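Coordinate-derived values only; no laboratory data. Quick caveat, the model's predicted, so the values are computed rather than measured. FYI the Cβ positions are ideal-geometry reconstructions off the backbone, even for glycines, and counts take in every protein chain you see.
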Amino acid sequence: MNYLMLICTDGVSTPEIAATMQEHAPAWAEEMDARGVRLLGNGLKGLETARTVRVRDGETLVSDGPFVEAKEYIGGLDILDCESLDEAIEVAAKHPVSWFFSIEVRPFAQPVNMPDGWSYQQVRYLLMLCLDGILEADEVEEQLRRDLDAWREMADRRGVRLLGGALAPPATATTVRVRDGETLLTDGPFVETKEYLGGIDILNCATMDEALELAESHPLARFHMVEVRPFWGA
């Protein structure tokens, strides 16, 4: 089963934290790659690079910053292929971020299709699909699903969408923290807000402007929000 592992931090570091990350994070990635449980992973650039896109009454509204203001924020992600939630939690607890901050583990609603021959040069921008949990009328939701399929087909045809998928509901999330060698689990996302992450798309765009244009055309931007963040290397 595929899981999204969100690296959550408050951005506050110390020499001890920096040294631990430098020592253990590469070894963690190497181990998980060797085990075949880590399909993809990369860090995101800082919050100052985030843009949140909404489309209301045909007008595009772009605001600086993430879709929700909180002390902790998403600093990176990994996509996992694990036999069970227990294995995904074990993988998260080994990551050094969990020793100081927190890691959210959430299953994807459907298996993630990793494209053949992909490279990290294509992992450039992240679209985070941010929902408020308020459903529209049935006929609107049905049209929205059709529009989502059409958007994905368009992005795939243009060659700008590397992969993506919807996430299982936030109630399925598990937040992992390790303190003094003990793994502490909390049901739910790493931060409690009305808005929540409903899915992701990873884009291979040349520029932020192109990523924003794709976010603007995303059907969910008309009803909810789409946060755009560049990965390191973009």
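Between helix 138-158 and the chain there is an angle of about 70 degrees, using the helix long axis and the longest principal axis of the Cα atoms. Spin-label model, VAL12/ARG145: points 7 Å from Cα along the beta carbon direction are separated by 4.5 nm.
Using a/c under 1.5 as the rounded threshold, could you call the stretch 1-60 rounded, prolate or oblate? The axes a ≥ b ≥ c are square roots of the C-alpha gyration tensor eigenvalues, and prolate needs a/b larger than b/c, oblate otherwise. Show your work: numbers first, answer last.
Details: a/c = 3.93, a/b = 1.55, b/c = 2.54.
Taking the square roots of the gyration eigenvalues as a ≥ b ≥ c, the stretch 1-60 is oblate.
Taking every Cα-Cα distance in the chain and sorting them into 10 Å bins starting at zero, the pair-distance distribution P(r) comes out as 7, 33, 38, 18, 4, 0 percent. Computed about its Cα centre, the charge dipole of the stretch 2-230 is approximately 400 debye, with only Lys, Arg, Asp and Glu carrying charge at their Cβ. Considering only SER102, LEU167, THR207, and ranking their Cα positions along the charge dipole of the chain that arises from unit charges at the beta-carbon of Lys, Arg, Asp and Glu, the one farthest toward the positive end is THR207.
Show that you can apply the helix-only estimate: for the chain, add -39,500 (n - 2.57) for every DSSP H stretch of four or more residues, divide by all residues, and state [θ] at 222 nm to the nearest 500.
Numbers: 4 runs with 62 residues, N = 234.
Calculated mean residue ellipticity at 222 nm is -8500 deg cm²/dmol.
Computed about the Cα centre, the dipole magnitude for the stretch 33-84 is approximately 60 debye when only Lys and Arg (+1) and Asp and Glu (-1) carry charge, each at its Cβ.
Give the lysines whose C-alpha is closer than 18 Å to that of LYS71, dropping any in the same chain fewer than 8 places away, or say none. By straight Cα distance, LYS71 reaches LYS45, LYS194. The relative contact order of the chain, computed from alpha carbon pairs under 8 Å that lie at least 6 residues apart in sequence, is 31 percent. Taking label positions 7 Å along the Cα-Cβ direction at both GLN110 and TRP232, the computed distance is 3.2 nm, reported to one decimal. Compared with the alpha-carbon gap, the fully stretched path from GLU210 to GLU83 is longer by 42.1 nm at 0.36 nm per residue.
Check each of the trypsin sites (Lys or Arg not before Pro) in the stretch 156-234 and keep only those in coil by DSSP with at most 15 other C-beta atoms within 10 angstrom; list them in order. Show your work: numbers first, answer last.
Details: sites: ARG157, ARG158, ARG161, ARG177, ARG179, LYS194, ARG222; in loops: LYS194.
Here the trypsin sites (Lys or Arg not before Pro) that fit, given the DSSP loop and packing criteria, are LYS194.
The trypsin sites (Lys or Arg not before Pro) of the stretch 41-80 meeting both criteria, a DSSP state outside H, G, I, E and B (loop) and at most 13 other C-beta atoms within 10 angstrom of the site's C-beta, are LYS71.
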